[in-house]
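The values are calculated or read from the model by the stated rules, or taken from the named source; none is laboratory data. None of these values were measured; they are calculated from a predicted model. Methodologically, a virtual Cβ is constructed for each residue, glycine included, from the backbone with ideal geometry; neighbour enumeration extends over all protein chains shown.
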Amino acid sequence: MAEAYAVKKGLEIAIKRKLAKVVLETDCKEVQAAISGPGISKNWRIEPIVRDIRALLDQIPEHKLVWIRRSGNVAAHWAASEAVMGMCHLGWLRLPPSSSAFILDKDGLPALPL
């Protein structure tokens with residue numbers, strides 16, 4: 001459920017920033033299949049979030065949702081885990097916490113200098 005919520009939050013941020021082209025990566029095959037597949041998700045717990053995600057995707061002209069191995073998606077997994085614990089806020093987009101610097105670097109993403 002945290003993975004589906006993270007995808008939803010990522011889309012909300014993309015829409016707020018008026019991004020026209022978005023690639024979302026997830027390490028959860030179940031979430032990727034539920035969003036990409038036709039009809040209703042087999043997992044009733046994430047179905048409401050999947051419906052929200054599909055509606056959000058309709059607002060982004062060019063989008064792609066891909067599954068990648070967790071080893072290639074450590075930063076997203078870490079952020080989703082922090083969000084579940086209520087420790088993630090939108091301020092992280094401008095200034096990620098120093099504890100994420102190693103994780104961002106490992107995933108090949110830019111980290112702000114400390």
**Request:** Among the candidates Lys42, Lys8, Lys21, single out the residue that is in contact (Cβ under 8 Å) with a residue 24 or more places away in the chain, of a type in the set (D, E, K, R) and over 16 Å from Trp67 (Cα atoms).
**Result:** Lys21
**Complete:** Every listed condition ((1) surrounded by fewer than 17 Cβ atoms within 10 Å (Cβ to Cβ); (2) modelled with pLDDT under 90) holds for Cys28 save (1)
**Request:** Could you grab me the full set of residues in segment 37-67 that are farther than 18 Å from Ile13 by Cα and surrounded by 13 or more Cβ atoms within 10 Å (Cβ to Cβ)?
**Result:** Ser41, Asn43, Ile46, Glu47, Trp67
